[in-house]
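The values are calculated or read from the model by the stated rules, or taken from the named source; none is laboratory data. The model shown is predicted, which means the values in this text are computed figures rather than measured ones. As a convention, Cβ positions derive from the backbone with ideal geometry for all residues, glycine included, and neighbour counts pool all protein chains shown.
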Amino acid sequence: MIDMDALKRQAAARALEEVESGMRLGLGTGSTAKHFVDLLGEKVRAGVKIVGVPTSEATRAQAEACGVPLTTLDEIDRLDITIDGADEINPALDLIKGGGGALLREKIVASASARMIVIADDSKWVERLGRFPLPIEVIPFGLAATQRAMGEAFAKAGVSGQMLLRKSADGHVFVTDGGHWIIDVRLGEIEDPPRLAGLLSAIPGVVEHGLFIGLGSTAILAGAQGIRVIQRP
Ligand SMILES: O=C(CO)[C@H](O)[C@H](O)COP(=O)(O)O
């Protein structure tokens, strides 16, 4: 049986080869990014000088525990590389992200980076985005109005799906690091991800959505046959 966690760590280890002393790094969130932060901690302890900006409180806590020096986007303006996982990656290196609920900070940090390296096991590679439910971060105020507007955006983009308010394991509404809620929508194949992204971004109650368009520069995919490094076309 394939050890998915071992594949995630292999992808993370390959991404670490791109890190050089002096770099400013965006640190992603999720089980794959966690391997990267873990390995980065080893590199820091071996003397490599980097500074990181975490994309969630969970990653901040992990990075601190690993001894990775941290800063914020208020203290520095640009990052060299963000290394993060993804829920789906298509051949254009557009992504669905937010399965871990950190999409807002992840997108802010990736947007401030010269490059974004996406690390994943190769089950995340898809011809078309949409099998994974699209996470949409919303303001709790006026939720029904926001959902109606989201439904109109889906119709314009030729997709549809049930909107589910994300809950935590304890049954309470999941609250993001920014104090918002997440609606997950299983849309099936999304024909035109950039168009849907634009329509969702125009809705006032939508804080951010999990379509990452034009942000991924490189994907490092680990599978049973080895590692594939794919550059954005
Ligand atoms: O977007 C994310 C968190 O918001 C993660 O990168 C995504 O959910 C992938 O997670 P994992 O590496 O655990 O499969």
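Observations
- The set of residues in the stretch 18-43 being more than 19 Å from Arg60 (Cα to Cα) and either without any contact (Cβ under 8 Å) to a residue 24 or more places away in the chain or surrounded by fewer than 16 Cβ atoms within 10 Å (Cβ to Cβ) (or both) consists of Glu20, Ser21, Gly22.
- For the stretch 111-125, filtering for residues that are crowded, with 17+ Cβ neighbours inside 10 Å, more than 9 Å from the ligand (Cβ to nearest atom) and of a type in the set (A, V, I, L, M) leaves 2.
- Residue count for the stretch 74-87, restricted to those that are near the ligand (Cβ under 9 Å from one of its atoms) and surrounded by fewer than 24 Cβ atoms within 10 Å (Cβ to Cβ): 1
- Against the list (1) away from the ligand (no atom under 14 Å from the Cβ); (2) over 16 Å from Pro193 (Cβ atoms), the condition Ser160 fails is (2).
- Residues of the stretch 45-55 include at least one that is within 14 Å of the ligand (Cβ to nearest atom), of a type in the set (Val, Ile, Thr) and assigned to a loop (DSSP other than H, G, I, E, B).
- Residues of the stretch 133-153 classified as buried (at least 20 other Cβ atoms within 10 Å of the Cβ) and either among the aromatic types (Phe, Trp, Tyr) or under 20 Å from Pro194 (Cβ atoms) (or both), total: 7
- For the stretch 86-122, a residue qualifies if it is over 24 Å from Ile183 (Cβ atoms) and of a type in the set (Gly, Ala, Ser), and the qualifying residues are Ala92, Ala112, Ser113, Ala114.
- Among the candidates Asp177, Asp184, the residue that is among the acidic types (Asp, Glu), closer than 21 Å to Ser56 by Cβ, part of a strand (DSSP E or B) and within 15 Å of the chain's Cα centre (by Cα) is uniquely Asp184.
- Residue identified as on the phi > 0 side of the Ramachandran plot, surrounded by fewer than 20 Cβ atoms within 10 Å (Cβ to Cβ) and under 19 Å from the mean Cα position of the chain (by Cα) among Gly214, Gly130, Gly226: Gly214
- Listed conditions (1) touching a Gly at 6+ places or on another chain (Cβ under 9 Å); (2) buried (at least 21 other Cβ atoms within 10 Å of the Cβ); (3) of a type in the set (Gly, Ala, Ser) are all met by Ala15, apart from (1).
- Of all residues making up the stretch 52-85, the number that are touching a Leu at 6+ places or on another chain (Cβ under 7 Å) and of a type in the set (A, V, I, L, M): 6
- The stretch 18-39: number of residues that are over 10 Å from Ile117 (Cβ atoms) and either outside the structural domain of Thr55 (by TED's automatic domain parsing) or away from the ligand (no atom under 16 Å from the Cβ) (or both): 5
- Number of the exception - Gln62 against (1) closer than 21 Å to Leu211 by Cα; (2) outside any strand (DSSP E or B): (1)
- Close contacts from the stretch 91-113, counting a first residue that is over 21 Å from Leu70 (Cβ atoms) and a second that is acidic (Asp, Glu) and more than 6 Å from the ligand (Cβ to nearest atom), with Cβ to Cβ under 6 Å and a gap of 6+ residues or different chains, come to Ile96/Glu88.
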